[in-house]
Amino acid sequence: MNKFAQLDRKFVWHPFTQMRDWLKREPIVIASGQGAVLRDVRGREYLDANSSIWTNLHGHQHPKINSAIARQLKKISHSSALGYANEPASLLAAKLVQAANPKSEIRNPKLEKVFFSDDGSTALEVALKLAYEFTRRTRGKTAGRASSRAVTPKFLSLDGAYHGDTIGAVSLGHIDLFHRAYGGMLFRTDKVMSPYCYRCPFNRAKPERADARNYRKCNWECVGEVEQKFSTQKKKGNPYAAFVFEPLMQGAAGMIPQPDGWLRQVADIARRHGALLIADEVMTGFGRTGIVAADVRRLIPNSRKKLEPPHVGRYDGLFASHHEAVQPDFLCLAKGLTGGYLPMAATLTTQKVFDAFLGEYEEFKTFFHGHSFTGNQLGAAASVASVEILQTEKSIRQRAQLQKNLHEVLQSLWSLPNIGDVRHVGLVAGIELVKNWRTREPFVLRDRAGIRVCEAMARRGVLTRPVGNVIVLMPPYCTTKAQLQKMVSTLCEAVTEIFPVKNQASNPRRQASV
Ligand SMILES: *Cc1c(COP(=O)(O)O)cnc(C)c1O
């Protein structure tokens, strides 16, 4: 066995991994990467079909990002943001503010301040703490002497949500497995149904060989549920402080895409009830949700008016919220921020939130939060380069092409009976494995359906990781059509290898002829 594989098995504990399974085999040891290709220590090549767990944007070893890091390396790698400013972090903050307020139409509210941290979880913690304290300070006390205590601000997030692994982020999330494990450590947050059209109890449509969002039959009951949730909470005398969501598509919840118009409608409801909007764009940010989206000009004039989808237009924004002309009060960024090269995160917010933390020193209104590596120079230099690449015409064209290619190559998947739903948003796709597409019958987690398919893909040279029974395809933006075709044909082969029995059993004549 390779030396590094041996060391890994002896000393390393891997995240979200049953280590007993891990220790049964020799791990793939990645040695280098170029574009969408990863190479292991044995010289074997793999396609990076989930952009190294959703982080990589432009491919590995991008010359512009490499040289930005190298240039910064010759000056300094890190000095503290506790007490000092630095060059790349200042520049990056300005660039993020510019990118987050892209058109004059989406200016309400303006995102003007950037708080740096280390990863997606901390980006959410920062938003959570700021929203909590902002609400306490601005809403004041409840009425009446007997109950003259500060209200505890409450948060609403989506069913199945994943917002990270620190305690605050897990509290915001609603994944039963994690809550069972850490329930005693968490604070309570409320959840509301997410618009999971494929498995929606309100969707009366029979399964078809198409994206469930497009053939669903419903009356937007999911939006009604959100309305209901907000008004019930208001009656309790403590309206929600903030509504937390992943815009356009929930990632770790199972690659659950939202039908056009959902976000716009629920954002309006939340605003009407005075809640802050916290957009978790850790996965969706930086162009991942694609090029085509809401026609901003048509949506904005009367933001209170209920909009009837479809209202799709054209918009080249980098953030998913803007596709529905929604501007949050907090924009949480991580994964792709540095192009996927270094751990760094940012939480953008408004002047209004910022101002609530201003005061005389001894008033102690300071935001008491920070990390050792806040505003790290290497990460900031990589991020500046990455954002600049994203704003080039070449990158926009490349992404538009990739989006089109992805849509085309995904179509072949509908021919497989064990694929129930193919969910495509921009530059990401979730492919849901089922026992039978006609009944939508799911595999139980114990079946390890997603894991087995991904293992079969890895044997064929394509690396990705499932979310339960959902296979994720999230190619780096530099992925060619041939590479994309290989990702999808490999997925087809893997599914056929893992689930051959059913097809043959239902067709005994074919079995006899083999
Ligand atoms: C990955 C992810 C997080 C957590 O980010 P880490 O960098 O792993 O802490 C939070 N929210 C979303 C939507 C994510 O995809």
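The values are calculated or read from the model by the stated rules, or taken from the named source; none is laboratory data. For clarity, every value in this text was computed on a predicted model and none was experimentally measured. Positions of Cβ are backbone-derived with ideal geometry, glycine not excepted, and every protein chain shown enters the neighbour counts. The accessibility values were calculated without ligands, DNA or RNA, using every heavy atom of the protein model including side chains. Shrake-Rupley method; radii C 1.70, N 1.55, O 1.52, S 1.80 Å.
Listing for the model above:
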read-out	value
The lone exception for Arg438 - which of (1) at pLDDT 95 or above; (2) in the same structural domain as Pro475 (by TED's automatic domain parsing); (3) within 26 Å of Leu248 (Cα to Cα) it fails	(3)
Conditions (1) surrounded by fewer than 18 Cβ atoms within 10 Å (Cβ to Cβ); (2) at pLDDT below 95; (3) closer than 22 Å to Ile53 by Cα; number of the one not met by Val425	(1)
Only listed residue being touching a residue at least 60 places away in the same chain (Cβ under 8 Å), open to solvent by less than 10 Å² (accessible area, probe 1.4 Å) and over 19 Å from Tyr215 (Cβ atoms), chosen from Val453, Val467, Val488	Val488
Helices (runs of 4 or more DSSP H) enclosed by the range 122-234 - at least 3 residues per element that are closer than 28 Å to Phe367 by Cβ and open to solvent by less than 10 Å² (accessible area, probe 1.4 Å)	167-172
Checking Met344 against (1) surrounded by fewer than 19 Cβ atoms within 10 Å (Cβ to Cβ); (2) within 23 Å of the chain's Cα centre (by Cα), the condition it does not meet	(1)
Residue list for the range 374-406, restricted to those being open to solvent by less than 30 Å² (accessible area, probe 1.4 Å), under 21 Å from the mean Cα position of the chain (by Cα) and closer than 17 Å to Gln98 by Cβ	Ala380, Ser383, Val384, Ser386, Val387, Ile389, Leu390, Ser395
Extreme residue, farthest from the ligand (Cβ to nearest atom), among residues of the range 255-276 that are crowded, with 24+ Cβ neighbours inside 10 Å and not in a helix (DSSP H, G or I)	Ala275
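Per-residue answers, yes or no, for (1) of a type outside the set (Val, Ile, Thr); (2) open to solvent by 50 Å² or more (accessible area, probe 1.4 Å); (3) assigned by TED's automatic domain parsing to the domain that holds Pro343:
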| position | (1), (2), (3) |
| --- | --- |
| Arg44 | yes, yes, no |
| Leu47 | yes, no, no |
| Asn56 | yes, no, no |
| Ile69 | no, no, no |
| Leu73 | yes, yes, no |
| His78 | yes, yes, no |
| Leu82 | yes, yes, no |
